[in-house]
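The values are calculated or read from the model by the stated rules, or taken from the named source; none is laboratory data. All values derive from a computational prediction rather than experimental measurement. Backbone-built Cβ (ideal geometry, glycine too); neighbour counts: all protein chains shown. Side chains are part of the model used for accessible areas, which takes the heavy atoms of the whole protein and leaves out ligands, DNA and RNA. Shrake-Rupley method; radii C 1.70, N 1.55, O 1.52, S 1.80 Å.
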Amino acid sequence: MKVVFFVNALASCWNNGNAHFLRGVVTALQGLGHRVTVLEPADGWSRANLLADHGPEALRGFEAAFPRLRPVLYDPAEADLGALVDGADLVIVHEWNDPGLVNGLGRLRARGAGFVLLFHDTHHRAVTKPDEMSRFDLSGYDGVLAFGEAIGEIYRQRGWADRVWTWHEAADTRLFRPMPAGSRDGDVVWVGNWGDEERSDEIRTYLLDPVEALGLETNVYGVRYPKTARAELAARGIAYRGWLANHAVPEVFARHRLTVHVPRRPYAEALPGIPTIRVFEALACGIPLVSAPWRDSEGLFPEGAFLMARNGAEMTAHMRAVLEDRDLAASLRRTGLAAVLARHTCDHRARDLLAIHGLLTSQTTSMRESA
C-alpha cells in the first residue's frame, strides 16, 4: 500500500512535536512493508527556524539518526496535488497545513479520487482558535484522526466531520527506550518549550520553584525562551541548554534521575485526556515522571505509571520522594514502561491506522456493490 502524509515538517522537530510521532509511525509502516511518502513545504516554519538557529548540521543529524526517512520538499504555491498523491491508497493531511491545500485535497477526493483521505489534528486550536479551524472544508474527507477524544468531540459538535477516530500520540520505542545511565548530568531534566505564555506560571509552580527549594541540579531544554525566562532560570541556578534534537532525548533522560511534565493550559483545563507525546516518550525511557495536573479521562495509564501533583507543595514532596526512595523510583520506571509497551507504541498506532483504512475501504466497496 502507498501512504502519503502532508505535514509541516518531518526533518525538523523545532517546536514541532508532531515530527516525533510522525517519524515513529512512518518507520512502523515501512516495517510492515508499506511505501510511505512524506511531503513537507520547503519553506515550512519549523524547518526554517531550525536552520536559522542551528544551520544545516541539525538536518544532517536527523538524516544520520533516521536513514530511511527522507521528506519530499514541495512549493505549496505551485503544487500539482493530483501528481503528489498519484497512486496513493491512503492520504493523511496534518492540520498545520494551508487551508488551500487541505481544501484542495478534499475536492480531489470528492471528485472521486481513489484514495482514503484523513485529516489529522494534534493541537488545541479546535478549542482555542476555532475560527482558524473553520477555514478547513473537510466535507470531502473520509474522516478525522484526533489525538484525543475531547478534540474529536469538538469536531462532532461543530459539524466539522461526521467520522472521527481518536488516535493518540505514542512513543517510537525503537528510539525511546531505557539506556545505560553512564555519568550523571543532573537530578532533574525538563524537555519542553516555553512559548506563548500558555504555561509560564505552571512552569514556575511545578518545576522552577520545587527544584530551587530542594536545591536540585536541573537542566532545561527547549526553544522559544525569551530573555526574561532565560534570566529567571539563571537566577534560580537552573541551566538552560537550548534546543535538543528529539533523537538525543533518550540519552539525556538516562543521565538524570527524574523528569517533569507540565501540560499547556488548554490541555489541562479544556481538553482532558491528552497528555501530549512527551509523557509517552519519558515513560518509554524508564525515567521516573512527576506531572503537573491533568485529567487522564481516557484511562491511558495505570495507577503508578507516574506521580501527579495537585499543587507546588505536592510537586516538591513528590520530587523529594522519588529521589530518596529507590523502590518508588524503580516502581515508577517499571510501571510506566510496561504501560507504554502494552498500549502506546508507534507500532500500535500504525496498526490502528491500517485498521481505519481497512474499515473505510470495505465500507466504500460495500456502497459500490449495493449501488
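Rounded if a/c is under 1.5, else prolate if a/b is larger than b/c, else oblate: which is the stretch 44-161, with a ≥ b ≥ c the root eigenvalues of its Cα gyration tensor?
Numbers: a/c = 2.00, a/b = 1.37, b/c = 1.46.
Oblate, because a/c is 1.5 or more while a/b does not exceed b/c.
For the chain, modelled as a GNM with alpha-carbon contacts under 10 angstrom, which of Ala181, Ala254, Ala235 fluctuates the most?
Result: Ala235 has the largest fluctuation of those listed.
Just order 44-51, 168-175, 198-205 by mean Cβ neighbour count inside 10 Å, highest at the front, would you?
So the peptides 44-51, 168-175, 198-205, ranked by packing, come out 168-175, 44-51, 198-205.
Taking amide hydrogens as modeled 1.01 Å from N in the peptide plane, which residues meet the under 5 Å criterion relative to Ser291, leaving out close sequence neighbours?
When sequence neighbours closer than 5 places are left aside, the close amide H contacts are His261, Leu307, Met308, Ala309.
Give me the percent of the accessible area of the chain that comes from carbon and sulfur atoms, probe 1.4 Å, all protein chains in place.
Working: 7520 of 15520 Å².
C and S fraction of accessible area: 48 percent.
What percent does the relative contact order of the stretch 271-371 come to when contacts are Cα pairs within less than 8 Å and at least six residues apart?
Details: 92 pairs, mean separation 28.3, N = 101.
Answer for the stretch 271-371 is 28 percent.
Sticking with the crude label model, points 7 Å out along Cα→Cβ, report the distance from Ala213 to Glu197 in nm, one decimal please.
2.6
Just one of (i) 57, 44, 43; (ii) 72, 52, 36; (iii) 69, 42, 39 is Cα extents along the principal axes in Å calculated from these coordinates, so which is it?
The value matching this structure is (iii).
Tabulate in residue order the Karplus-calculated ³J(HN,Hα) for the stretch 139-145, using 6.51 cos²θ - 1.76 cosθ + 1.60 with θ = phi - 60°, rounded to whole Hz; enter x for Gly and Pro.
5, x, 7, 7, x, 10, 9
Within a Cβ distance under 15 Å of Asp325, other residues only, what is the Lys/Arg minus Asp/Glu net charge?
Numbers: positive: Arg257, Arg320, Arg326, Arg333, Arg334; negative: Asp187, Glu324, Asp327.
Residues close to Asp325 contribute a combined charge of +2.
Taking a ≥ b ≥ c as the square roots of the Cα gyration tensor eigenvalues, with a/c under 1.5 meaning rounded and otherwise prolate when a/b beats b/c, else oblate, which class fits the stretch 1-113?
On the way: a/c = 2.24, a/b = 1.34, b/c = 1.66.
Cα axes put the stretch 1-113 in the oblate bin.
Name the most mobile residue of Leu59, Leu29, Leu258, meaning the one with the largest mean-square fluctuation, in a Gaussian network model of the chain with Cα contacts below 10 Å.
Residue with maximal mean-square fluctuation among Leu59, Leu29, Leu258: Leu59.
May I ask you to evaluate 6.51 cos²θ - 1.76 cosθ + 1.60, the Karplus curve with θ = phi - 60°, for each residue of the stretch 103-117 and list the ³J(HN,Hα) values in order in whole Hz, giving x for glycine and proline?
6, x, 5, x, 5, 4, 5, 5, 7, x, 4, x, 9, 7, 10
Counting pairs of alpha carbon atoms under 8 Å apart in space and at least six apart in sequence, what relative contact order in percent does the stretch 186-296 give?
30
For the chain, what relative contact order do you get, as a whole percent, if you take Cα pairs closer than 8 Å and at least 6 residues apart?
Values: 660 pairs, mean separation 58.8, N = 371.
Relative contact order of the chain: 16 percent.
Local charge sum around Ile203 (other residues, Cβ-Cβ under 14 Å, Lys/Arg +1, Asp/Glu -1)?
Working: positive: Arg199, Arg204, Arg224, Arg230, Arg236, Arg264, Arg265, Arg278; negative: Asp196, Glu197, Glu198, Asp201, Glu202, Asp209, Glu212, Glu232.
The answer is 0.
Along the positive direction of the dipole of the chain (beta-carbon charges: Lys, Arg +1; Asp, Glu -1; about the Cα centre), which of Gly114, Gly237, Thr335 reaches farthest?
Of the options given, the answer is Thr335.
For Val191, tell me the accessible area in Å² from a 1.4 Å probe, rounded to the nearest 10.
That residue has around 20 Å² of solvent-accessible surface.
What does the C-alpha gyration tensor say about the overall shape of the stretch 116-267? Classify as rounded when a/c is under 1.5, otherwise prolate if a/b is larger than b/c, or oblate.
Working: a/c = 3.03, a/b = 1.83, b/c = 1.66.
Prolate.
Find out how many positive minus negative residues lie around Trp96, taking Lys and Arg as positive, Asp and Glu as negative, among other residues whose Cβ is under 11 Å from that of Trp96. It would help to have the intermediate numbers written out before the result.
Working: positive: Arg125; negative: Glu40, Glu95, Asp98, Asp121, Glu132.
Counting the neighbours of Trp96, the net charge comes to -4.
Quick one: which residues, 5 or more positions from Val144 or on another chain, have an amide H under 5 Å from its amide H? H modelled 1.01 Å from N in the peptide plane, none for Pro or chain starts.
Those qualifying (amide H under 5 Å, at least 5 residues apart or on another chain) are Phe119, Arg163, Val164, Trp165.
HN-Hα J couplings of the stretch 207-218 from phi, Karplus 6.51/-1.76/1.60, θ = phi - 60°, integer Hz, Gly and Pro as x?
Per-residue couplings from phi come out as 10, 5, 4, x, 5, 5, 4, 8, x, 8, 6, 10 Hz.
Per DSSP H run of at least 4 residues, take -39500 (n - 2.57); add these up for the chain, divide by its residues and hand me the 222 nm value, nearest 500 deg cm²/dmol.
Values: 17 runs with 162 residues, N = 371.
Mean residue ellipticity, 222 nm, calculated: -12500 deg cm²/dmol.
Measuring with a 1.4 Å probe in the full set of protein chains, what accessible area per residue, in whole Å², belongs to the chain?
Working: 15520 Å² over 371 residues.
Spelled out: the 1.4 Å probe surface of the chain, per residue, equals 42 Å².
Could you check which residue among Thr345, Thr228, Thr37 shows the biggest mean-square fluctuation in a GNM of the chain with a 10 Å Cα cutoff?
Thr228
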